[in-house]
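What follows is a single structure, written as structure tokens, with notes after it.
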Amino acid sequence: MLTPFVELDALLTDLATSARDILGDTYIGTYVQGSFALNAGDLNSDCDFVIATTVPPRAGHERQLRDLHDDIPARPGFWTRHLEGSYADAASLRTVDGLGTPWLFCDHGHRELIWDTHCNTPHTRWILRQHGITVDGPPIASLVDDVPPQSLRDAMRAAMPTVLADVAEWAPLDVAWTQRYIVTTYCRTLYTLRTAKVASKRGALEWALATVDARWKPLLTQVIEDRALGWDPTEPPRPGSLAETREFAAYVARIA
């Protein structure tokens, strides 16, 4: 099995087959990264994929891929609405020299593909290289070089000052899920700065629980225990948790 979910495995296999049929000889392979590659995927995760190509999708191929991703969320099932990933050309995927190159991107829960750098990060390459799951094609380690530790740390140092503002641009701060996401993001950022590795959301929270000052144990425990609640746009943050989250953000910035 590729993942713990039979339905998701079938969807990934179908995605790989469809992409191969559309892309023809420009198709290389389909791979899973993110939480499922880190052995931490669950029903509150999306499934992150990368489809490697010899060249960026050409106009005719792009139209067919757009039709494919417009259709998938309309199919029956749970996981059809929880895919996220990019079509990455092999040249820009191989090393961090390719950072900044837009890839054709399917955002979680969306039906319209866009050209974006969302997946084009050192983190994506590190997960693919170290833990990527091959759905179809050659081993992913043959397509992605080792990621320099400093590249991972530099990316996190650059992101740290604007985490709160960046999240607020797309996730409402008066929703409990957002509060949990912010705490988790700071934990993952700190983990990468300290280790030059990438942890799953839960893995980073558990690492932080054992690493940071004990003053933050209640906040981290709350986020871990509430993860199962998932996304509910009507659920406000627990009383006082958003203020505590802001203080935690300032603490992480100080010790990073």
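Rule-based calculations on the coordinates, nothing more; no lab input. Just so it is clear, the structure is predicted and the values come from calculations on it, not from any experiment. Cβ atoms come from the backbone with ideal geometry, glycine included; neighbour counts cover every protein chain shown.
How would you classify the range 41-184 from its alpha-carbon gyration tensor, with a ≥ b ≥ c the square roots of the eigenvalues: rounded for a/c under 1.5, else prolate if a/b is greater than b/c, otherwise oblate?
Here the range 41-184 falls in the oblate category.
Would you please give the residues with an amide H less than 5 Å from that of LEU83, counting only those at least 5 places away or on a separate chain, with H modeled from the backbone geometry?
CYS47, GLY109
Using DSSP loop states and a limit of at most 15 other Cβ atoms within 10 Å to flag GluC sites (Glu not before Pro), what is the longest stretch of the chain containing no flagged site?
In the chain, the maximal stretch lacking such sites is 1-111.
Have a look at the DSSP beta bridges in the range 6-146 and tell me what percent are antiparallel, nearest 5.
70 percent
Got a sec to turn the phi values of the range 2-11 into Karplus ³J(HN,Hα) couplings, 6.51 cos²θ - 1.76 cosθ + 1.60 with θ = phi - 60°, whole Hz, x for Gly and Pro?
7, 9, x, 10, 4, 4, 5, 4, 5, 5
Based on DSSP, what percent of beta bridges with both residues in the chain are antiparallel, to the nearest 5?
70 percent
Given charges of +1 on the Cβ of Lys and Arg and -1 on the Cβ of Asp and Glu, with all other atoms neutral, how large is the dipole of the range 113-234 about its Cα centre, in debye to the nearest 20?
Dipole magnitude for the range 113-234 comes out near 460 debye.
Please give the peptides 63-71, 131-139 ranked by average Cβ packing (other Cβ atoms within 10 Å per residue), highest first, as a rough proxy for protection.
Most protected by this proxy first, the peptides run 131-139, 63-71.
With a 10 Å Cβ neighbour count serving as the proxy for reagent exposure, in which order, fewest first, do ASP154, ASP21 appear?
ASP21, ASP154
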